[in-house]
Amino acid sequence: MRIAILGATGATGREFAALAQSRGHHVAVLVRRSGVFEAGPGLDILVGDATRADDIARAAAGQDAVFCTLGLTAAGSAADAVDVCTAAVSHLIPLMRAGGPRRLVAMSTHGVGLEPGDSPYAARIWALYGERLKDKVSMEAALRGSDVDWLAIRAPRISDDEPTGRYRVDPLLDIEVGGAIPRADLVAFALSEIESPRLTSIAVSIAT
């Protein structure tokens, strides 16, 4: 398969790219600047901005699927408003409807869909990310309002622990404060949902 990755320079994007290539997929990465990936067989490097429609169109051209891991990082404050996830997905949806990539798997965050008073975890995530988390909320709203084939993965804290190969996936998963998912398990699940989709038009949470 041919898979485009948005947010490829982050740790999750890089691990996903490596896993996809190891399984024989051709990967295209959209990056803000050259030099962050080494060119090689099975890898296309595109320099661009994920908030720009023309750059998203270049990244999506000829692809079977897109893995979007843009957005939420530890950097920034709860008062910082961003729109990169919403913008990228909003540009992708019409391309998918017009015969572009057939499948979109997008990283969201556990806590989206919850109010701060719903659980201790929700209270903490909204306090930490606040306005930045609203980008994931509006991204999911754009996906739910579309008729394309999508999956949003609501991850808690992503760790660099060894993979377990065992994790829970559910739309209404209860995750305690401190809950996590090893990055290797997360990308394995994401790639499996591109290779052999089982879940569509839904947002699910994942944790060990």
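Each reported figure results from applying straightforward, stated rules to the coordinates on display, with no laboratory input. Note that this is a predicted model, so its numbers are computed, not measured. As a convention, Cβ positions derive from the backbone with ideal geometry for all residues, glycine included, and neighbour counts pool all protein chains shown.
Assorted remarks:
- Note, ³J(HN,Hα) from phi for the stretch 162-168, Karplus 6.51, -1.76, 1.60, rounded to Hz, x at Gly and Pro: 4, x, 9, x, 10, 7, 9
- The chain - percent relative contact order, Cα under 8 Å, separation 6 or more: 19
- Residue-wise HN-Hα coupling along the stretch 121-127, computed from phi with Karplus coefficients 6.51, -1.76, 1.60 (Hz; x: Gly, Pro): 5, 4, 4, 5, 5, 5, 5
- From phi via Karplus (6.51, -1.76, 1.60), per-residue ³J(HN,Hα) for the stretch 47-58 in Hz, x at Gly/Pro: 8, x, 10, 5, 8, 9, 4, 5, 6, 5, 4, 5
- Inverse of mean 1/r across different Cα pairs in the chain, Kirkwood, Å: 17.0
- If you take the Cα centroid of the stretch 32-73 and the Cα centroid of the stretch 98-172, the two points sit 21 Å apart.
- Seen from D161, the other residues with C-beta closer than 12 Å to its C-beta sum to a net charge of -1, counting Lys and Arg as +1 and Asp and Glu as -1.
- Residue order, fewest to most beta carbons within 10 Å, for T12, T200, T109, T69: T200, T12, T109, T69
- As a proxy for reagent exposure, ranking V84, V29 by other Cβ atoms within 10 Å from fewest up yields V84, V29.
- Antiparallel DSSP beta bridges within the chain, percent to nearest 5: 10
- Close amide H pairs (under 5 Å, H built 1.01 Å from N) link T109 with A155, residues at least 5 positions away or on another chain.
- Remark: the stretch 4-56 is approximated by an ellipsoid whose semi-axes, taken from the C-alpha gyration tensor as √(5λ), come to 18, 11, 10 Å, largest first.
- Computed per residue of the chain from DSSP H runs no shorter than four, each worth -39500 (n - 2.57), the mean residue ellipticity at 222 nm is -11000 deg cm²/dmol.
- Gyration tensor (alpha-carbon) shape descriptor, the stretch 122-208, a/c threshold 1.5: oblate
- Ranking of H26, H110 by count of other Cβ atoms within 10 Å, fewest first: H26, H110
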